[in-house]
Every structure is written in C-alpha cells, then in structure tokens.
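Chemist: Let me give you the structure first, and then I'll get to my questions.
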Amino acid sequence: MLVYRPSGWKAGRLLLSLLLLLTWETGTCQVHYSVPEETKHGTFVGRIAQDLELELAELVPRLFRVASKGRRDLLEVNLQNGILFVNSRIDREELCGWSAECSIHLEVIVERPLQVFHVEVEVKDINDNPPVFSVSEQKLSIPESRLLDSRFPLEGASDVDVGENAVLTYRLTPNEFFILDITNKKDKGKFPVLVLRKLLDREETPQFQLLLTATDGGKPELTGSVSLLILVLDANDNAPVFDRPIYEVKMYENSANQTLIIWLNASDADEEINKEMIYSFSSLVSPSVRRKFQINERTGEIRINDAIDFEDRNTYEIHVDVTDKGNPPMVGHCTVLVEIMDENDNSPEVVVTSLSLPVREDAQVGTVIALVSVSDRDSGANGQVTCSLTPHVPFKLVSTFKNYYSLVLDSALDRERVSAYTVVVTARDGGSPSLSATASVSVEVADVNDNAPAFAQPEYTVFVKENNAPGCHIFTVSARDADAQENALVSYSLVERRVGERALSSYVSVHAESGKVYALQPLDHEELELLQFQVSARDAGVPPLGSNVTLQVFVLDENDNAPALLPPGAGGVGGAVSQLVSRSVGAGHVVAKVRAVDADSGYNAWLSYELQPSAGSARSPFRVGLYTGEISTTRALDEADAPLQPLLVLVKDHGEPALVSTATVQLSLVESGQAPKTPSRVSAGAASVDTALVDVNVFLIISICAVSSLLVLTLLLYTALRCSAPPTQGVCGPGKPTLVCSSAVGSWSYSQQRQQRVCSGEGPPKADLMAFSPSVPPCSSCGDNGKQQEICENSMSYAMFRSLKGGLSTRRLLLSLLLLAFREAGSGQVHYSVPEEVKHGTFVGRIAQDLGLELAELVPRLFRVASKGRRDLLEVNLQNGILFVNSRIDREELCGRSLECSIHLEVIVERPLQVFHVEVEVKDINDNPPVFSLREQKLLISESKQPDSHFPLEGASDADIGENALLTYRLSQNEYFSLELPTNSKQTNRLSLALKKPLDREKTPEADAPRQRLLVLVKDHGEPALVSTATVLLSLVESGQAPKILSRMSSGATGPEVALVDVNVYLIIAICAVSSLLVLTLLLYTALRCSAPPTQSVCGPGKPTLVCSSAVGSWSYSQQRRQRVCSGDGPPKTDLMAFSPSLPPGLDREDGGERQEAGSNHPGQVSSMDSLSFEV
C-alpha cells in the first residue's frame, strides 16, 4: 500500500520522487509494498498473488508460504483471495531502531515446480513518539562572575522517530538573563545552549527555575520538557577553557585496552589553586560509554577500557568537563566525537534452506535443489560476499536477489555413475585478508529405471544328454541391472513360441527369481537335436525394462537305438534274403550287400559289419566289408563249396554299450550260364573325358579374352546352357556314397547358409534330415597335407565338384562357379536407406513384408539378422517385422570418406533354410563443420613481391561427403590480398593468397606494419551450413630479408594437375590389373579342378573318397550348405542326418580300398547309405 500525504512540495519534486521510488523498487526486489506502522490487524497491504502472477486456485496445491527473518507473524497472506495483510502490531522503532530505512523482507516460496519470489514491505514512520529528555531536571551551577555571552550546553531531547518526525525545535521560558541558542553538531542534530545575556548577581537572584520544551516536526506535533535549575555561584572569575569545543577522533574497532584515544588540553586564566584542573566525564555521559572509556583526571587522557565493536556501535559522543579548584569551582566543557572504523573481523554466514532432496537422476537441467542465503555483519567491502561451489559437480549457484542464491542442476545426473554428491558452498567476503565460511549440502541422487537388465553374453550354448530326468536343472541365466532397489529386482521368464506342434513351455521352464532353467520332460536327440529359445529378464521398475538372451540347447545323443536293417529293395539285399552267385566269379567280387541304419548319430550311428563264424571249421569263401556291408568273395569258388551258403551278418554300432542287430543272407551258388546279368551304370561317364577337357579349354580362352564383359557373358551362357542341357540322371539313383569329411564330433555355424535338397534312396520319406559341411580339421592320417589343406579351405568348391549330377557338363560347372563368385560380391535382394545420426527406433523398412515372410512364422522359423562389423546398429521387431535403428549410426565412423556407405545384412530363416541379403544405405547429413589443420598460419612476404604473386595456404577439410563437403571460402576485407581457389576441383584443401597491389613496408600505415592479420572464413554447402575460421598472420620484410619459401609451399599451383592425371592413370591400371587377376584366378582354379578324372554321378555306384579323418572333430554352423543326399536303393528317407566330420586318428588304413570303406560309414554318417553326395 503506497501512502501519499499532500504537502507543499512542488509538482516537479513530487514527480522526481515518484520516479526515484519506481527505480528503487525495480532494482532492489521483485515486488514492493509499503505500510504505516501501528496499523490495525487485517490492514490491506497488497494483492501479492496477483502481483506475482500466481493463480488463486494453485496457492494451496503448490504449498504457497511466506517466510521472513525476525518476527514471522507481522504479515500474513489470505490463501482464499491472495491478499497480503497486517497480522499483528508493527512498531517501526522496535523493528529497525534508529535506521532511516525500515522494511520487512519476505520470501514467497511455491513448489511444483519450486519458485522463490522476494517481496519488500517498507514500514512508514508515523509520529507516535514524543521527544524525551534523559532526566526530568537539569542542574546548572553558574558563577556570578561569568561574562555576558557565556554559553552553557544543555542535554537535548531524543525522538525515536525518523525523518521529519524526529526534527526537534526548542524553546525556553521567557526571562531576562538567558536566551536559548541551537548548536548544530556534525551529523548529530541540534543541541540547545544557554547564552547569558545579562550579568548575574547572586545576591539578587541566587537561582533560576526555567522550563526547556522540545517540539518534533510530526503531524500532530508532540512535545517534551525538562526543568532547568540554575544555581548562581559566587567565586572564581575564570573558568577552564579547552582549546577546541569539539574533538573528532577516528579509531579501528577491536583496539586493545588502555589504547590512548586523545589527550585533552584545557587552560585556566586564574592563578594558584584556581588554576588547578580536574578532568571528568560529564553527567550527560551514559553508563555504557563510561564502561567503554576511562579518563585520567589529572592529565585529560582518554583511553579504551572495554572491547569496541563496530557492529554494536560505530560512533560515540563523550562530554568532558574540566573543573578548577577555585571556590566556587569553574567548569569548562568540550565534546569528543569518536568514530569507529570497521575491520574485517566477522566471517560470512551461510544458511541453506528449502532442500528438494533426493534429486531424481532424470531431473531437468535448471531444477532448483536448495536455497542459499549469505550475510556478513561487516560493512563496505568487508561485508560484500561472493559464493562459489565445489568444482566438478553438476550443480551451479544462480543469484536470485541480493545475497540470495538458488542451487540448481547444471548438467544431467547418472546415479549409476555417482549416487551422491557432497556440495560445499563457500562464501568469501571482500576484506583484506578475506574471511570465508562453508556449508555442506549432501545431495542424494534418486534412482530412475533407466537401465535394462543385461546378460553377460547375448547367447549361451548348453549341452544336455538325451533321456534326462524330468525337472532336471540344465542351466542358470543371470542378468545384472545397474539400477537400485526395485529397479534392480530382476525376474526371468520364457519368451513363448512354438516348437513344432508343441509350446516351448512344455519342454523347459525358468525360475522367475533364480534364473534356473529346468527341462520339464526327457529330451530325445532323435526327435529334437537343437532347442533354441529366449529367456527374458525384466526389472520391477515403472515402466519395467527388459532384455532377452538366447539359449541353444543341444541334445547330445545316447546310444539308445539299435541298428535297423533295411528291407530288400530293387538291386540290393536286406534282412533275410536269398541271392544267386555264379561259381565263376573271382576273388573280391561283390555278391550282395547288407544295409542298415541307426537312428542315433556320431559314434552311436557308426556301423560295422562282420560275419558270424559258422559252426563248422571250414573257412567261408565270403567276407563282409567292415564299414560297407558288402559281401564279397575271398577266393575263387570251386566245386567243393556247398551250393547253399547261409551267412549271418552282425551289424554293430560303436556306442557304449554297443547294440547289435543280425541279418541272414542265403547265397545260392550256380553255374556261370545261370548267373544273372549285373547292371552297370559306371560306363556312362568314361567316354566324355576328352570332350569335357576340350570344353574347359574353350571356355578358359573365351573368359580370358572377355574380361570386361565377363559377368554378362556368364549370365547369358549359363541361362542358355541350363535350358539346352541333356537330361541328367536321377538324383536318387543307385550308387555308393562320396564321403566329404568325417569325424565323431563337429562344430555347427549358421553363417553363409545355402539351401539344398536332400533325399535317400531307400525307405519312407525323411522329415528331419540335416546335412552339414563343416570345416575339415588337419590330421596326420588324411594323406597329403597340401591336398587336405586345399580341400578343407575350399570345402564349398570341393563339394560342388564332387556332387555334380552324372549328366552335368563341365561348361555348366564353370558357369556355376563364376556366377556364384559374382553373386557373393553382389548387392542385396532388398535395399533401404536411412540418414545417419537418427534416433533409436527410427523406421527403416518392413523387412518381413519385403522378403515375402509372414509375421506369424518369424519366431518359429528362427528369424535372425547377421551383419559384419557392429551388430547392434539395426534390429528387427519380431512382432511387426519392422527393421529399425537400434543404436547411433555415424556414417563417418562407419565408412570414412567413402562416397558409398551401406550396412550389409544377412537375414536367415529356417524350416526350410533361406538366406536373404539386405543392403541398408547410410545417407550423409551435415553434422561435421569444416576444420582447418592450423587455426593460425604465418606467412613471411617480401615487400618486393609483384602483384599477382601467389602464396599457398592450407585449406579446410570436411568429414562429410557430397554437397555437405563442398566448401566456400571468404577472406576478410583488405586492399592488398584476395583469395583464389584451384579451378580444377570443387572440393580442395589447397588455396592461395593473391597479391593485388605492391607492398611497401615503409608506406604501409603504422597500424598495419609490419604485421597484418587476415581472417579466412570457410562454409560448407550443407543444410544448415556450418562455418569455421582461421587466422593468417602476414609479416612484411624488406626485399633483402625475404626468407626462402619451403619446398612444399614453392611447388606452386602446377603440381595438383599433374598429380591428378598420374593418379587417374594408376587407378585405371590398378582396376584393370585387379579385374584380370580375379578372372584368371577363377579360371585357373576351375581348370585345375576339371582336369581331374570325371566324377561319378550324384547317386552313382562307387566307393567314397575320404577327405579328412580324426578321432575328435567339431560341429560348426559356419559356411553351411544344404545339400542333396541320396541313398542308392529304396524310397526317400525322411529322418536322415548327414555329417562331414573327421575320422579318428587311430583308424589304420590297410589299402586304398579299405580307406574308402573306413570312410563310408564313419561316425556322423548314416549307416547303410549307398551314396552320399552334396549338390549346391
């Protein structure tokens, strides 16, 4: 409430006062009010809510409150209407004492969010205190001998009001002897003095009774009075006199006791005893001053007697009397004004209030944490306080009002990195030496669920033996969450999916708290070899976060299946059968074959055959192949041999313990004319050797002569030859298997999968056939190491050559190899593009829809994405089939300065196995500014240089590409130089300064000589454009002092053109050389492979070729190929499993034939398979 009282001021003075008031209010606080003292309870002060722009409805929800120092009940706010009103009696004199300015400082605090407002309420003085004299009667003893105009000081009145209300005027009771005079003391107001106007005569008037009245300047006026009793003395004619009526002394506070302040000097004109003087404090001196100072009665020295504190009182007025020893004694008077100067003896005080703790780690920058107020009792520079914080903390102090600060958040918090901070607020004053104080604030960071549980590995491999007990523990997964409390409580669950016709939860379960994985039922290797599923870990935060880990559970085979004999088929014998054998056959002739399969795998499925010795002692003329099951003659048959030869063949696997089955074979010996004709399919391929070699030579010559059009010719010839090729032999024709590689144990890998067809020659169709082409480990028993290494390193090419169908010509072989090589290096089947630096979750493409896959089959078919390099850049949502950005993509980090940048993805699905190639192009954005290698370049230039001289400079470079890397240069304005760029390139980091006019070091303005600074500004062409600058410091030297230019600078402007031409020539030569080398390598490789004897048909007869053998191998998914596998006899198999492991090193090879037998039914190969071949 602003109070205006009319007075006699002029209009201009009033206007000026109002402007000053407005300025003061704006500069000192946010809101200013004024209220007179002594107003009644409920007096309106101001609409504080409206003035602070706060809604009435939000005062209570936001916890609106008012705080003030000292008495807190003087003012109050009505939360219903937002009005600030007087709550209790306000006494200005009690509140501020003698201070000219008096105000009540309020802190208005609201929360949600935290806001602090400062309100100043000025308390206006009213004239409510009359002038008061310290005593009711003052006594004066005046000798009658005093001269006219003698002056006698009186004690003045005091008024605790301020301003006009404290301005006093005095009047004296009219009389003929005395008049009243007013003395103005420096900064101390007016004091009354009695002046003698008429000589006194004690005999006539021994005493006077006068009344001194003081009147203040308030409205209405208030008065106070004191009685003056004047006693007229008869004696001494001369009173002692000080050399000065008023003494002014300055001293520092905290001075030691007995420190001399002043030495007073008075004189008396009388003689003898009337001249002797005694110094004393006047009766007007208050007891508090008497305690602080003492006076020597004889010498007039005033010394300190107690501690002096500037903060308690900064001035003292000491009235001193000097009295002679005459009779009556005469008194002289003086006043000593002592001014106390401040020293920096008070440390600042720091108070921290309104803590908003703990602070959430996701709190926004600028959030108010606490309120800090500082104060210092000293004055001037000693009382000016500055605040600072502990360094390296994410907080800062923001000044809000005078000595009030807010502690606010300056940068993002991370509880996982630092969970609590100890912030020390240091307040330091401006004294010398300065004093400081500290306050410590412990800021605890509250956890936010911003970390998902993380597994140590993205994938785990678990091996479990089949026929396990139901409910057995097979593995334990564990995820760690960096958060705290409930945000770190991790629970585990299965990511449900279908495994064949059954739910995943029917096979395994996971304990929600411990992460233990249990097998709910016995697992069967023959039914389920690999169980792949995901376990999800989710925390208990809100919202919860989670992550998945993949478990690959491999069911290890147990020898729980005995060998099963295959029934007799066309051209073969199985089980109890009969066979006619001609007596004319020679030794080693194959007369029959026993076929068997074992549902197990590895050693458990590696079958061996042996004859059960007959009861008689006669040696049988037949034997059975240990691993082939072929029954052959050991010698020529003669008439002595019985016409009916019953043989009992034992079929045994290599499991522990071994399981055995038996087959009975009845061989009937007949004469040669009765022997059946044996079919022959082997002679079909022998006649085509020469033709194949000629074709290879022709295509080699054509390929070498047509390097530039190799790809187009390959595609056209391949298409033509595929359409015109003669019909080949059936895929599942009879024949013996070709062993690629064998071992008991192998390694499996998913990368670079190819789809192939698999069939078996006998038995019903197989539904769960798996064929692998693992890498072949080196072994000492594999024969030639060089050949073995070639076969192991080129397993793909070897498999293709060894698995070609009988009718496949050599020219088809060559074209297939070339097409495969170029397809491996070609682009993907699907193409997307995405800008760099996009946010997590940015849509890239509907990859499942574009690849023709149904969303419902992504999880059952084990949909997965593989990429080279960083694998976390892109991810696929299996719920909607969308490819999205998973982490930050930086094109410059990924591809450098390459113009083309893409991420190649391999998308793999199973059942059936399919591989898709996806190309994601990363688009460049303008996120890199141009950069100078040198921010300041120095040039020494001779003044003799002619115009158009050029001086090379280092330009800028931009890590972006395309338009974002095109740079435009600009030179600061000057009259001597211009900037020139090479004309043969749009993007360059070479530029030069061109001299426009002659230089003269002596005539150059003094401000520019002998050094000049030029500013080179470069801007790229991106959106938005980014800018960088560099400084060129030019030093002018006289012509005789010009230094030699460095060789790399003096090469001038002609070098880049020649260099670019040379680079282009070398690039063309390099490209041609590399292309020719690639084509020659493929053709030579093909020629060497095709120069071998012709291979057998896919399912044709023949013994297997052993590639590599070892006792222990590894199964690997790497470079898998789906292949066509067939058995020579019988219908297709549906449960066939083919491996290419290594043979154990302990296996002895007797001869070449035995080595072939040893490889035909080694562990990892299905027993009694007539022929096993692979075709891409």
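The values are calculated or read from the model by the stated rules, or taken from the named source; none is laboratory data. Every value quoted in this text rests on a predicted model; they were computed, and no experiment measured them. FYI the Cβ positions are ideal-geometry reconstructions off the backbone, even for glycines, and counts take in every protein chain you see. These accessible areas exclude ligands, DNA and RNA; they are computed on the full protein's heavy atoms, side chains included. Shrake-Rupley method; radii C 1.70, N 1.55, O 1.52, S 1.80 Å.
Chemist: One residue is enough: does the range 927-937 have a residue meeting the conditions over 30 Å from SER1035 (Cα atoms) and touching a residue at least 40 places away in the same chain (Cβ under 8 Å)? Even if it seems obvious, please write down each step before you answer.
Modeler: Going through the range 927-937, the residues over 30 Å from SER1035 (Cα atoms) turn out to be 927-928.
Keeping just the survivors that are touching a residue at least 40 places away in the same chain (Cβ under 8 Å) gives 927-928.
Scanning the range 927-937, I find at least one residue that is over 30 Å from SER1035 (Cα atoms) and touching a residue at least 40 places away in the same chain (Cβ under 8 Å), so the answer is yes.
Chemist: Now for a separate question. Within the range 419-430, how many residues turn out to be over 17 Å from the mean Cα position of the chain (by Cα) and either of a type in the set (Asp, Glu) or over 14 Å from VAL374 (Cβ atoms) (or both)?
Modeler: The first filter runs over the range 419-430 and keeps only residues over 17 Å from the mean Cα position of the chain (by Cα), leaving 420-430.
After this cut, where a residue has to be either of a type in the set (Asp, Glu) or over 14 Å from VAL374 (Cβ atoms) (or both) as well, the list is 420-423, 429.
Summing the residues that are over 17 Å from the mean Cα position of the chain (by Cα) and either of a type in the set (Asp, Glu) or over 14 Å from VAL374 (Cβ atoms) (or both) in the range 419-430 gives 5.
Chemist: Further question on the same structure: Can you tell me which residue is farthest from the chain's Cα centre (by Cα) among those in the range 643-663 that are within 15 Å of VAL591 (Cβ to Cβ) and open to solvent by less than 70 Å² (accessible area, probe 1.4 Å)?
Modeler: Of all residues in the range 643-663, those within 15 Å of VAL591 (Cβ to Cβ) come to 643-647, 649, 663.
Then keep just the ones that are open to solvent by less than 70 Å² (accessible area, probe 1.4 Å); that gives 645, 647, 649, 663.
Details: GLN645: 83, LEU647: 78, VAL649: 71, ALA663: 71 Å.
It comes out as GLN645.
Chemist: With respect to ILE109, determine if the residue is part of a strand (DSSP E or B) and either assigned by the TED database to the domain that holds HIS333 or in contact with a Lys or Arg (Cβ under 8 Å, 6 or more places away or on another chain) (or both). Even if it seems obvious, please write down each step before you answer.
Modeler: Numbers: part of a strand (DSSP E or B): yes; either assigned by the TED database to the domain that holds HIS333 or in contact with a Lys or Arg (Cβ under 8 Å, 6 or more places away or on another chain) (or both): yes.
Judged against the criteria, ILE109 is a match.
Rundown of residues vs (1) open to solvent by 60 Å² or more (accessible area, probe 1.4 Å); (2) in a loop (DSSP other than H, G, I, E, B); (3) touching a Phe, Trp or Tyr at 6+ places or on another chain (Cβ under 8 Å); (4) over 21 Å from SER227 (Cα atoms), yes/no style:
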site	(1), (2), (3), (4)
PRO130	no, yes, no, no
GLY156	no, yes, yes, no
THR183	no, no, yes, no
PHE191	no, no, no, no
LYS198	yes, yes, yes, no
THR205	no, yes, yes, no
PHE208	no, no, yes, no
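For every residue, the table says whether it meets (1) on the phi > 0 side of the Ramachandran plot; (2) without any contact (Cβ under 8 Å) to a residue 40 or more places away in the chain; (3) in a strand (DSSP E or B).
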position: VAL374; (1), (2), (3): no, no, yes
position: ASP378; (1), (2), (3): no, no, no
position: ALA381; (1), (2), (3): no, no, no
position: CYS387; (1), (2), (3): no, no, yes
position: HIS392; (1), (2), (3): yes, yes, no
position: VAL398; (1), (2), (3): no, yes, yes
position: SER411; (1), (2), (3): no, no, no
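Chemist: Same structure again: Output the residues belonging to the range 288-335 that are farther than 21 Å from MET251 by Cα and part of a loop (DSSP other than H, G, I, E, B). Full working, then the answer.
Modeler: Taking the range 288-335 first, the residues farther than 21 Å from MET251 by Cα are 297-298, 321-333.
Result: GLU297, ARG298, LYS325, GLY326, ASN327, PRO328, PRO329, MET330.
Chemist: Is it the case that some residue within the range 464-484 is more than 33 Å from the chain's Cα centre (by Cα), open to solvent by 20 Å² or more (accessible area, probe 1.4 Å) and within 20 Å of ARG861 (Cα to Cα)?
Modeler: No: the range 464-484 contains no residue that is more than 33 Å from the chain's Cα centre (by Cα), open to solvent by 20 Å² or more (accessible area, probe 1.4 Å) and within 20 Å of ARG861 (Cα to Cα).
Chemist: In addition: Can you find a residue in the range 983-992 that is at pLDDT below 80 and open to solvent by 80 Å² or more (accessible area, probe 1.4 Å)?
Modeler: For the range 983-992, residues at pLDDT below 80 and open to solvent by 80 Å² or more (accessible area, probe 1.4 Å): present.
Chemist: I need a count of the residues in the range 485-499 that are more than 23 Å from LEU530 (Cβ to Cβ) and either outside the structural domain of GLU459 (by the TED database) or open to solvent by less than 80 Å² (accessible area, probe 1.4 Å) (or both).
Modeler: So the count comes out to 4.
Chemist: So, one more: How many of the residues making up the range 847-897 are open to solvent by 50 Å² or more (accessible area, probe 1.4 Å), out of contact with any Asp or Glu (no Cβ under 8 Å at 6 or more places or on another chain) and in a loop (DSSP other than H, G, I, E, B)?
Modeler: Of the residues in that region, 11 qualify.
Chemist: Can you tell me which residue within the range 399-418, out of those that are among the hydroxyl-bearing types (Ser, Thr, Tyr) and more than 25 Å from the chain's Cα centre (by Cα), is surrounded by the most Cβ atoms within 10 Å (Cβ to Cβ)? First the steps, then the outcome.
Modeler: Residues of the range 399-418 among the hydroxyl-bearing types (Ser, Thr, Tyr): 399-400, 404-406, 411.
This time we only want the ones that are more than 25 Å from the chain's Cα centre (by Cα), so: 399-400, 404-406.
Values: SER399: 12, THR400: 18, TYR404: 17, TYR405: 23, SER406: 21.
Taking the candidates together, the pick is TYR405.
Chemist: Would you point out the residue of the range 450-463, among those that are open to solvent by 50 Å² or more (accessible area, probe 1.4 Å) and part of a loop (DSSP other than H, G, I, E, B), that is nearest to SER506 (Cα to Cα)?
Modeler: Filtering the range 450-463 for residues open to solvent by 50 Å² or more (accessible area, probe 1.4 Å) gives 450, 454, 456-459, 461, 463.
Keeping just the survivors that are part of a loop (DSSP other than H, G, I, E, B) gives 450, 456-458.
On the way: ASP450: 34, ALA456: 27, GLN457: 25, PRO458: 24 Å.
Step by step, filter the range 450-463, then rank; the result is PRO458.
Chemist: Can you pull out every residue in the range 256-287 that is assigned to a loop (DSSP other than H, G, I, E, B) and open to solvent by less than 30 Å² (accessible area, probe 1.4 Å)? I'd like the intermediate steps shown before the answer.
Modeler: Step one: filter the range 256-287 for residues assigned to a loop (DSSP other than H, G, I, E, B), giving 256-259, 264-265, 268-271, 276, 282-286.
Correct list: LEU264, ASP268, ASP270, SER282, VAL285.
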